[in-house]
1. Within the stretch B:234-250, can you find the residues that are at pLDDT below 90 and assigned to a helix (DSSP H, G or I)?
2. Hey, among the residues in the stretch A:327-345 that are of a type in the set (A, V, I, L, M) and surrounded by 16 or more Cβ atoms within 10 Å (Cβ to Cβ), which one's nearest to A:Lys220 (Cα to Cα)?
3. Every residue in the stretch A:68-86 that is buried (at least 20 other Cβ atoms within 10 Å of the Cβ), more than 17 Å from A:Ser4 (Cβ to Cβ) and either out of contact with any strand residue (DSSP E or B) (no Cβ under 7 Å at 6 or more places or on another chain) or facing chain B (nearest Cβ under 9 Å) (or both), please.
4. For B:Phe149, state whether it is within 14 Å of chain A (Cβ to nearest Cβ), out of contact with any strand residue (DSSP E or B) (no Cβ under 6 Å at 6 or more places or on another chain) and either more than 23 Å from B:Val254 (Cα to Cα) or in contact (Cβ under 8 Å) with a residue 60 or more places away in the chain (or both).
5. If only one of B:Arg269, B:Arg231, B:Arg264 is within 14 Å of another protein chain (Cβ to nearest Cβ) and touching a residue at least 24 places away in the same chain (Cβ under 8 Å), which one is it?
6. Mind checking whether some residue in the stretch A:95-116 is in contact (Cβ under 8 Å) with a residue 24 or more places away in the chain and away from chain B (no Cβ under 13 Å)?
7. State whether one or more residues within the stretch B:259-268 are assigned to a helix (DSSP H, G or I), of a type in the set (D, E, K, R) and crowded, with 16+ Cβ neighbours inside 10 Å.
Amino acid sequence: MSESVIEFENVSKRFRIGATHDSLRDLASASLRAFFGRRKQKKGHEDFWALQDVDFHVRRGEVLGIIGPNGAGKSTVLKLLAGILRPDRGRIRVNGRLAALIEVGAGFHGDLTGRENIFLNGTILGMTRREIASKLDAIVAFAGLERFLDMPVKRYSSGMYARLGFSIAAHVEPDILLVDEVLSVGDAVFRLRCVERMRELVREGATLVFVTHDLDQMQKVCTRTVVLDRGKIAFEGRPTEAVGRYLAAVTGASTHRPTDGLLACDQHMVQLTNLSCRNAAGKVGMTIEANNPTKIEATLLLGVPVQRLVVEVNIRRALGELVVSLNSGRSQRFYSAGVGAHRIEINLPSFPLAGGQYFCNVRAWDADHGTTLLDTPFRYPLVVHDAGRATGLFCLEHEWSFCGEPHQKPAHETLKGVSPFFAGETHEGLPVR
Amino acid sequence: MTSLATTIRFADFSRFQQLLWSLTWRDVRIRYKQSVLGIAWAVLLPVSMMLVFTFVFTRALDAKLLLPTSMPYALYAYLGLVPWTFFSASLSGCVNSLVANRNLVTKVYFPREVFPLSSIGAAFVDFVIALVVLCGLIAYFDARSAWTFVAHRSLFFLPVVVCVQVMLTVGIGMMLAMANLFYRDVRQLYGVAIQLLMFVSAVVVPIPSDGSLLAQAISLNPLVPVINAYRDCVVKGCLPDPAPFIYSSLVAVVLMVGGWICFRRASYRFAECI
């Protein structure tokens, strides 16, 4: 086990809600009050513990992700690590040269040119001028701003601004790099390049602490993840597991008992009493193996009879778009249902979603009257396992085959039609010069 | 211990120096960006101030009566205005230095002293330029007026005078920067105080030495011996009066050490209170 480069031991941080003394007038009156012995009278002060007994260590070469809902204390952790804030309790030890990227281009000045800002921001992040001069070309190329180097940054677009900011920080070569939610800027290609650069830094022996809301990125980059919730550590461990805990914290939903918290609609006329999935072996739960036969079961408790009942189950990505909407009406299934509990089943011969965390909701309509009987929030979590076979949205059944000449015989014609994006990458069957 | 971690990061003195240099350079650069005359303003400002005061005190009022020496009033005024501008421009920069760099104070860690110090550094650049102009003015008055310039060894004492002034500025500047971070009233009060201070610091009019209560009160101002020392060293060719100058030096050392300690003590609260 390698040594700890960051020791964050039982750290608590308190903030005052409400300003203490905002002007000298307040201070004067407060000190007068204190002087005349009315010390107890504290008005408008309230303590807010942004962090309570947070304890973690980071070893050399690790990539620690910190996730959590807004206000969980993530940025406070980074600021404490960076030395910007001081803890009220506990102990922080940082061993090595640390660079914090808490805001891209924090030290940029709009009137200065890109080049001037590289030098300014570089020294702010802890590089020497000589170091910066030697890396200038790399920084500019990484940001892709060669043509705009001598333009004042106030004329930069926000994307250019952010790219330059990240590019400088990415070239600091610190022992420890703190990154706070900055990669949400820039386009997809740039983001990919940032992730690549972070991996490269780690290969070179750097330690990374990474705050993000982008769960995909977190899972790609991090080796370990801490989930913060309301100033406390809710979970610490493998990134994939952390995602579930994070989502639970964000949505307030529980992963384990999906039927918790019945949602009633229209004076309790329809209730969802159960929502679960059953695999081929008959095992019930909210965990699904991708591409296996699955049965989704929803139990509805009807308080009134419905002539033509339509049921819909929607599946949404954890923090994103709707992936699937299964609607009985669209399949021309209208159920005539009396008062009482009814189980509706959806049979899926295969479940082709990529592994990850999803959320479901259930809706029901009375097709005759066009009234909504039930519309639950997306609070029922669904976990799909795909054994690492897919990234993206789907886990499609597919097979690979290779048709072509084996190695060493150049086949120039295969180069035609290949996108230039792949030119220069090593592919078997393609000649590489 | 956090303090230990802080010290480790602190230890890199050359980094601090580079940062100070970068921020100073930024302040100088920004001041003259997008202006037609650019860095020429560093020369034009003190010279035009000199012309204003020369007009007021030689045409409108007669300051000759107050002047103890044969030195041309314009030179007297310029030699007061140059160190005064250095002092007041430094402090004006310091007062706002932390607040104006809020995004750095709350987003990046490094010793916070660089903010007021770089403001002083930027003012120092202008000060040096103004001193170069002084050489030209001396040559001009030497040729065009009854007064003649005699170079004297006392010129070598000038760096000591500058040093004392810098220490005084650092001490006051740090306290102002810190105070303004906690209470923005400081900036307003500073604006009034600096105006008042100019007229009791022998900048454009000599301090009356008639032993009145007012004169005695003014003599407590540590800036008076410093500004007079410039005239003594450069033009009069003598060393400054030792007693007041030593008094100023002591005050400067005390203010600088005290100001720096207070600043350091409070600096860990800057990011929260700004």
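The values are calculated or read from the model by the stated rules, or taken from the named source; none is laboratory data. Bear in mind the structure is a predicted one, so any value in this text is a computation, not a measurement. Cβ coordinates were reconstructed from backbone atoms using ideal geometry, including for glycine residues, and neighbour counts include every protein chain displayed.
1. B:Val234, B:Val235, B:Lys236
2. Looking only at the stretch A:327-345, we keep the residues that are of a type in the set (A, V, I, L, M), and these are A:337, A:339, A:341, A:344.
From the residues that got through so far, the ones that are surrounded by 16 or more Cβ atoms within 10 Å (Cβ to Cβ) too are A:337, A:344.
On the way: A:Ala337: 47, A:Ile344: 38 Å.
By that ranking, first place goes to A:Ile344.
3. The answer is A:Lys79, A:Ala82, A:Gly83, A:Ile84, A:Leu85.
4. Numbers: within 14 Å of chain A (Cβ to nearest Cβ): no; out of contact with any strand residue (DSSP E or B) (no Cβ under 6 Å at 6 or more places or on another chain): yes; either more than 23 Å from B:Val254 (Cα to Cα) or in contact (Cβ under 8 Å) with a residue 60 or more places away in the chain (or both): yes.
No, not satisfied.
5. Numbers: B:Arg269 fails: touching a residue at least 24 places away in the same chain (Cβ under 8 Å); B:Arg231 fails: within 14 Å of another protein chain (Cβ to nearest Cβ).
Testing whether each residue is within 14 Å of another protein chain (Cβ to nearest Cβ) and touching a residue at least 24 places away in the same chain (Cβ under 8 Å) leaves just B:Arg264.
6. Checked against the condition, which is being in contact (Cβ under 8 Å) with a residue 24 or more places away in the chain and away from chain B (no Cβ under 13 Å), the stretch A:95-116 yields at least one hit.
7. Within the stretch B:259-268, the subset assigned to a helix (DSSP H, G or I) is B:259-267.
Right, trim to of a type in the set (D, E, K, R) and you get B:264-265.
So of that shortlist, the ones also crowded, with 16+ Cβ neighbours inside 10 Å come out as none.
Within the stretch B:259-268 (the criterion being assigned to a helix (DSSP H, G or I), of a type in the set (D, E, K, R) and crowded, with 16+ Cβ neighbours inside 10 Å), the answer is no, since none of the residues qualifies.
Residues checked against (1) within 10 Å of another protein chain (Cβ to nearest Cβ); (2) within 29 Å of the chain's Cα centre (by Cα); (3) surrounded by fewer than 16 Cβ atoms within 10 Å (Cβ to Cβ):
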position: A:Gly122; (1), (2), (3): yes, yes, no
position: A:Arg130; (1), (2), (3): yes, no, yes
position: A:Val153; (1), (2), (3): no, no, no
position: A:Tyr156; (1), (2), (3): no, yes, no
position: A:Phe166; (1), (2), (3): no, yes, no
position: A:Ile176; (1), (2), (3): no, yes, no
position: A:Asp187; (1), (2), (3): no, yes, yes
